[in-house]
2 protein chains.
Amino acid sequence: MFAEIITVGDELLIGQTVDTNSAWLGSALNQHGIRIKKRCAVADDAHEIRQALDAAFARVDLVLMTGGLGPTKDDITKKVLCDYYACGEREDTEVLALLERYFRDRGRVMLEINRGQAVLPAACETLMNLRGTAPGMWFDRDGKVLISMPGVPYEMQYIMEHGGFPRIRERFRSTPVTHRTLTVINIAESLLSKHLETFEAALPKGFKLAYLPNLNLIRLRISTGSERRANDEAALDTAFHALQEACREWMVAAEDTTPPEVTARLLLQKKLQLATAESCTGGNLAHTYTLIPGVSATYRGSVVAYANDIKKLLLGVNPADIEAYGAVSEPVAKAMALAVCQKLGTDCSISTTGIAGPDGGTAEKPVGTVFIAAALNSKVHSERFRFFGTRDQIIQRSTWTGFHLLNRLLESEA
Amino acid sequence: MFAEIITVGDELLIGQTVDTNSAWLGSALNQHGIRIKKRCAVADDAHEIRQALDAAFARVDLVLMTGGLGPTKDDITKKVLCDYYACGEREDTEVLALLERYFRDRGRVMLEINRGQAVLPAACETLMNLRGTAPGMWFDRDGKVLISMPGVPYEMQYIMEHGGFPRIRERFRSTPVTHRTLTVINIAESLLSKHLETFEAALPKGFKLAYLPNLNLIRLRISTGSERRANDEAALDTAFHALQEACREWMVAAEDTTPPEVTARLLLQKKLQLATAESCTGGNLAHTYTLIPGVSATYRGSVVAYANDIKKLLLGVNPADIEAYGAVSEPVAKAMALAVCQKLGTDCSISTTGIAGPDGGTAEKPVGTVFIAAALNSKVHSERFRFFGTRDQIIQRSTWTGFHLLNRLLESEA
C-alpha cells in the first residue's frame, strides 16, 4: 500500500525549518508496510494546498498532511479543509476543555485566538493532541483518508502514535512489516556489504536487508516482504541469528540503539558508576550520556582537560608521560581513564585524547587520530583510531567509540 | 522569481535520511531573491523523475535537483537526464583527472564503477565538485535551467557556491535581496512581535521583518523587497539601527550568530581564558564551545559535577552552602563559577545548576528551573531561569543563556 505526505508552510520553503517530520513519518509508515510514493512541500496558499491534495488523492488512498494549524492568520489549512470537504465548523468540547487546562496550568490567559483552536471542520473526526494546542484531524470520504496534523514534531508524533496509526491499522487492515534490527560500529558500509554478500544471497525469498548508516554506526534491518507467510517469524529469527554471528566483530547490540544507551542499560543492571575524562571530545562524552533520562545514579561527572596542564592539574596525569609520548598518546589516554576513576571514585571510566581538527595534525598523528581508553576497576583497555570527516563528525565518532569500548569491557565481565 | 526543488532517492521516502538540503537551498536562494514555489521528493524511478521535471518546468524556469548520482545501480538520475534531454554521453576529462587524484590521495584503487562518474550527459555543462566524486550538471534548454547535484549536503553546497549561484546570478540577472540580521535570546516570539508592532508599521514600503526562532534564540531579519530602489541600503541601515535599539534588552549580537560564537570572538579579542563548571548542562557548555574551530587558546576545560559531592570534591564548593540552599540554588551556582576560575586558573567562567527533567522537579523548583552564573575576574553575576520543553531543549536553552550572561559581563568591561 502507498501513501503520500504534504507539508504545508512558507517556513519550509524559505529554509527556516528543516523538515524532520517526513523522515519520521516515512520510517514509521514503512514499519506498517506502507510506502511513501511521493512527498511535497507547499506554501500557506489555498490554491497550492488544494492542488496538492487533488494530485495526491489521484495516486493514493492515504495522505498525511502536516503544518498550517497554528492560531495565527498565516495558518489557513483548517479553512482550506472546510472548503475542500464542503463542510461547516464545529467546536470540539473535549479539545476546548483541554485548551482551558493547558493555559490554566501555565498561568496564561486564553485569548479568543487560542479558543479558535477548538473549532474544527465538521467533516473530520478529532485526533487528540495532549502535547500542544492544535488537534489532529481525520477525514474519510470516497474511500480516501486524509490526516491533518500540526507541524511541531513531538505533537505530530503524539497524534500519530495515539490516534493516527491505530486508526490506519484498523481502516486499511495494514500488515506491519516484521523486522529485526541490530547496530554495528566502525566498519565501512561497502566492506560490510561485501562481507555480508553470502548472507544476503541466502536470505529467504522476499526478505530484505537494509543498511541505515549514521556516521560510524550502521543499523542493519532485516524485514520480511510485504506478503506474509505463516513461517516468516521463525525464518526471520533464524536469519537474524545468522546476521548477529556474521557481525559479531563490530556489533554494538542486537537492537536499534547507540553505544551510550547500551552503557546506561549495563550500568543500571550492574549498579556501577561512570566518570569520563575528555580531551578532544571536549565534553561530548558527558553531554551525550547525560542526555539520556534516568542515568543520574550511574554517572558522577567528567573532567574536560582541554588544555594540557589540566590533565596534570585535575587528574594527576604524570607530566613525564606527556613529555615522553605527547598528550595525544596511548599512555596518556590510559592514565586519564585510571586517574578519573580514582579521583571521582567510580567503577569505570572512558577517556579520549586526539586531534579533532581542522588544524593540529602532523604526519605521524594526522587530524582524526584519537586514542580512546576504557577502564573497569583496575583493568584498562585502549585503542588508537583514525576517524575521517569534519571536526564535529570526528568528535561524535570518537564519542560513540568510547562508549563501545567500555561496553565491551562490561560485557566481558558478565 | 520562482524556483522548485526535486529531491531524488528512496532513502528520503522511507525515512532513512532527513532532507537538510532543501532548507539550505531554500534559504540560500531566498537571499538571491528567488523563492521556492514547491518542492517534491520522489523515488529512484525514471517515470517519477520525468513526471516531476515536467510538472516543475510547467510552473518555473529554474529547477534544482539533488540525489541519485552515486556510482551504484540504484542511482539512475544521469540516465534519466540523458533521456530527458535526448542526448548521448561524454567523458569529462577534467572530472576524470580529479577522480584519479581523489583515489590516489586515499590510497584506494579506482574501480570501473568509479570511473563512470566522469561520464556525463552530453547536453550538460559540468559544475565541478572538489568535495566528492559526483560532479554537478547544468542544463539550459528552451529558457529553462536544471541543476542536478549529488545529495551529500557538503558536496551539494560546494557545487552551488562555486558553480551554481555564480551562474544563476549571471543567467537570471537575479538581484540578491539585501538584508540585515540580529539575534536575540529569552524573549517569546509573540511578546517580541507585540513589542515591535510600532517598529514594523513604520518600515519603508516593501521592507519585511522575518522571525527565525530556534529554541530560545530568535534571528530577526529585515530585508528590502524584491524591487530595488536607489536608497534602499541607507534606509535598511536606518531601520536596522532602530531595530537594534528596540531589541537592546535581549540582543545577543547585531548579526546572525549564537552566544558561544560571540564568546569565542570576545575572548580571542581580549586574550582571555574560559573554564566551565556544569551540573544540569552535563558537559554541553564545554561541548558547544569546543565545537567551534580555533578556540583552543581561549578554553582550558570543564568540571562536570553531575553528582552533588563532586561539587565539593573537584571544585571545593562549601558543603554548608549546598546544605543550606540546596545544590540547585543561586549561592551554589556562584560558588561553582568562582571556584572553577580559581581551580583552572582562568579569567572567566560559566556555571549551571538546575533540573533538566523529566523527573526531579518540586513545587518550589519545578523541572526547567536553572541557576546560571558567569564570573569575570572576581566579579560574579547570576540569574534564576525557568525553561520549558524537553530535557535536551532545557539543556540547550541553559547553555546558550550561560554564554549570553558571560558575554554581557565581558561587554560591560569594554
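Looking across segment B:52-65, the residues that are open to solvent by less than 10 Å² (accessible area, probe 1.4 Å) and touching a helix residue (DSSP H, G or I) at 6+ places or on another chain (Cβ under 8 Å) come down to B:L53, B:L62, B:V63, B:L64, B:M65.
Table: residues versus (1) away from chain A (no Cβ under 13 Å); (2) closer than 30 Å to A:R131 by Cβ; (3) not aromatic (F, W, Y).
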{"position": "B:F371", "(1), (2), (3)": "yes, yes, no"}
{"position": "B:A374", "(1), (2), (3)": "yes, no, yes"}
{"position": "B:T390", "(1), (2), (3)": "no, yes, yes"}
{"position": "B:T401", "(1), (2), (3)": "yes, yes, yes"}
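Here B:K78 meets each of (1) open to solvent by 70 Å² or more (accessible area, probe 1.4 Å); (2) assigned to a helix (DSSP H, G or I) with one exception, condition (1).
Output the residues belonging to segment B:1-44 that are of a type in the set (D, E) and modelled with pLDDT under 90. It would help to see each step written out before you state the result.
Quick first cut of segment B:1-44, residues of a type in the set (D, E) only: B:4, B:10-11, B:19, B:44.
Matches in segment B:1-44: B:D10, B:E11, B:D44.
Of the residues in segment A:189-200, not one is among the charged types (D, E, K, R), under 26 Å from B:Q393 (Cβ atoms) and at pLDDT 85 or above. Selection within segment A:105-152: residues that are open to solvent by 50 Å² or more (accessible area, probe 1.4 Å) and part of a helix (DSSP H, G or I). The member of this set that is farthest from A:F57 (Cα to Cα) is A:D105. Condition check: under 17 Å from A:A264 (Cα atoms), open to solvent by 60 Å² or more (accessible area, probe 1.4 Å) and out of contact with any Leu (no Cβ under 8 Å at 6 or more places or on another chain). Does A:R408 satisfy that? Yes. Test each condition in (1) buried (at least 18 other Cβ atoms within 10 Å of the Cβ); (2) in contact (Cβ under 8 Å) with a residue 40 or more places away in the chain; (3) under 20 Å from B:E48 (Cβ atoms) for A:I49 and report the one that comes out false. Among (1) buried (at least 18 other Cβ atoms within 10 Å of the Cβ); (2) in contact (Cβ under 8 Å) with a residue 40 or more places away in the chain; (3) under 20 Å from B:E48 (Cβ atoms), A:I49 violates only (3). Please tell me if A:K343 is closer than 20 Å to B:L313 by Cα, free of Cβ contacts under 8 Å to residues at least 12 places away in the same chain and either within 10 Å of another protein chain (Cβ to nearest Cβ) or among the basic types (K, R) (or both). Answer is no for this residue. Under the condition of being surrounded by fewer than 24 Cβ atoms within 10 Å (Cβ to Cβ), in a helix (DSSP H, G or I) and hydrophobic (A, V, I, L, M, F, W, C), the residues counted in segment B:285-302 number 1.
Of all residues in segment B:1-32, those satisfying the criterion of being more than 7 Å from chain A (Cβ to nearest Cβ), in a loop (DSSP other than H, G, I, E, B) and open to solvent by 20 Å² or more (accessible area, probe 1.4 Å) are B:M1, B:Q31, B:H32.
Counting the residues of segment A:150-180 that are closer than 18 Å to A:T7 by Cβ and out of contact with any helix residue (DSSP H, G or I) (no Cβ under 8 Å at 6 or more places or on another chain) gives 6.
Do we have B:L69 as closer than 13 Å to B:I147 by Cα and aliphatic (A, V, I, L, M) here? I'd like the intermediate steps shown before the answer.
Working: closer than 13 Å to B:I147 by Cα: yes; aliphatic (A, V, I, L, M): yes.
Spelling it out, B:L69 is indeed closer than 13 Å to B:I147 by Cα and aliphatic (A, V, I, L, M).
Taking the criterion of being open to solvent by less than 20 Å² (accessible area, probe 1.4 Å) and more than 13 Å from A:K38 (Cβ to Cβ), the residues of segment B:34-46 that qualify are B:I34, B:I36. All conditions but one from (1) within 11 Å of chain B (Cβ to nearest Cβ); (2) in contact with a Leu (Cβ under 8 Å, 6 or more places away or on another chain) apply to A:R397; the one that does not is (1).
When you go through (1) surrounded by fewer than 20 Cβ atoms within 10 Å (Cβ to Cβ); (2) aliphatic (A, V, I, L, M); (3) modelled with pLDDT of 95 or more; (4) under 32 Å from the mean Cα position of the chain (by Cα) one by one for B:A86, which number turns out not to apply? For B:A86, the exception is condition (4). Applying the set (1) of a type in the set (A, V, I, L, M); (2) without any contact (Cβ under 8 Å) to a residue 24 or more places away in the chain; (3) assigned by TED's automatic domain parsing to the domain that holds A:V18 to A:I147 leaves exactly one unmet item: (2).
Screening A:R221 against (1) under 15 Å from A:T181 (Cβ atoms); (2) open to solvent by 40 Å² or more (accessible area, probe 1.4 Å); (3) charged (D, E, K, R); (4) in contact (Cβ under 8 Å) with a residue 40 or more places away in the chain leaves a single unmet condition, (2).
Restricting segment A:268-322 to residues that are free of Cβ contacts under 8 Å to residues at least 40 places away in the same chain and among the hydroxyl-bearing types (S, T, Y), which is farthest from the other protein chains (Cβ to nearest Cβ)? Across segment A:268-322, the extreme among qualifying residues is A:T298. The conditions of being under 21 Å from A:R408 (Cα atoms), in a helix (DSSP H, G or I) and at the interface with another protein chain (Cβ under 8 Å from one of its Cβ atoms) are not met by A:A264.
May I ask you to say which residue of A:T238, A:T183, A:T198 is open to solvent by less than 30 Å² (accessible area, probe 1.4 Å), outside any loop (DSSP other than H, G, I, E, B), more than 30 Å from A:I6 (Cα to Cα) and not assigned by TED's automatic domain parsing to the domain that holds A:Q31?
Numbers: A:T238 fails: open to solvent by less than 30 Å² (accessible area, probe 1.4 Å); A:T198 fails: open to solvent by less than 30 Å² (accessible area, probe 1.4 Å).
Matching residue, one of A:T238, A:T183, A:T198: A:T183.
Of the set (1) farther than 24 Å from A:R221 by Cα; (2) of a type in the set (D, E, K, R); (3) within 12 Å of chain A (Cβ to nearest Cβ), all apply to B:D61 but (3).
The values are calculated or read from the model by the stated rules, or taken from the named source; none is laboratory data. Remember, it's a predicted structure, so these values are computed and weren't measured experimentally. Cβ sites come from the backbone with ideal geometry, for glycine too, and all protein chains shown count toward neighbours. SASA here: full protein model, heavy atoms, side chains in, ligands and nucleic acids out. Shrake-Rupley method; radii C 1.70, N 1.55, O 1.52, S 1.80 Å.
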